[in-house]
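What follows is a set of notes on a single structure, which appears directly below.
The values are calculated or read from the model by the stated rules, or taken from the named source; none is laboratory data. All values derive from a computational prediction rather than experimental measurement. Cβ placement follows ideal geometry from the backbone for every residue including glycine, while neighbour counts extend to all protein chains displayed. Only protein heavy atoms, including side chains, enter the accessible area calculation; ligands, DNA and RNA are left aside. Shrake-Rupley method; radii C 1.70, N 1.55, O 1.52, S 1.80 Å.
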Amino acid sequence: MPFVKVDFVAVDKKNEVHINALYKIIREREFNISNVEIPDFNEHKSFVENISYRKWKLIFIDDQLLGNYYINYENYIGINLLTNNINYYRLIIEKILSLESPLPEIKSIRNRDFLINVSPQNKTLNEVLKMLNFKHIQNTYLCN
């Protein structure tokens, strides 16, 4: 893969440009786990202003918005990209793991390692996680 510049920019919850960028990602990304329906902009803005992620960053490749990632206090990493490029997924995951460390384990509350939830339809991300030799430990089902 040719050299690409990857930048992570901390989300500023009061910055309209960041709020708009995150809304663009929600509207345009292919896979959703928690958003069954796209929220309206005011709901989205309220969520951004009030959510308490441990880390939340916009992802840029060669100065173009590519997505975002967050890390919560339970050591889950959420990755949302506007591409299915397997090389970008791998590059981004490897960079996140090189920069971030999980919080200490709390039995039955927080794993000692990072965890990543993936939509079963997101074949690219599932493939990258297998390529990186991450261990498949669970399937989650929505009871509606």
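Just one residue in the set N50, N75, N68 is more than 23 Å from Q121 (Cβ to Cβ) and open to solvent by less than 40 Å² (accessible area, probe 1.4 Å); that residue is N75. Residues that are polar (S, T, N, Q) and either modelled with pLDDT of 95 or more or touching a strand residue (DSSP E or B) at 6+ places or on another chain (Cβ under 9 Å) (or both) within the range 127-144 comprise N133, Q138, listed in sequence order.
The C-beta contact set for the range 9-27 (first residue more than 8 Å from V48 (Cβ to Cβ) and of a type in the set (K, R), second residue open to solvent by 30 Å² or more (accessible area, probe 1.4 Å) and modelled with pLDDT under 95, distance under 7 angstrom, 6+ apart or interchain) comprises R27/I38. What about E28, is it open to solvent by 60 Å² or more (accessible area, probe 1.4 Å), of a type in the set (D, E) and closer than 21 Å to N122 by Cβ? Against the criterion (open to solvent by 60 Å² or more (accessible area, probe 1.4 Å), of a type in the set (D, E) and closer than 21 Å to N122 by Cβ), E28 qualifies.
Out of curiosity, is T140 among the polar types (S, T, N, Q), on the phi < 0 side of the Ramachandran plot, surrounded by fewer than 18 Cβ atoms within 10 Å (Cβ to Cβ) and in contact with a helix residue (DSSP H, G or I) (Cβ under 9 Å, 6 or more places away or on another chain)? No. Consider the range 91-122 and keep the residues that are within 16 Å of N133 (Cβ to Cβ) and assigned to a loop (DSSP other than H, G, I, E, B). The one that is nearest to the chain's Cα centre (by Cα) is V118.
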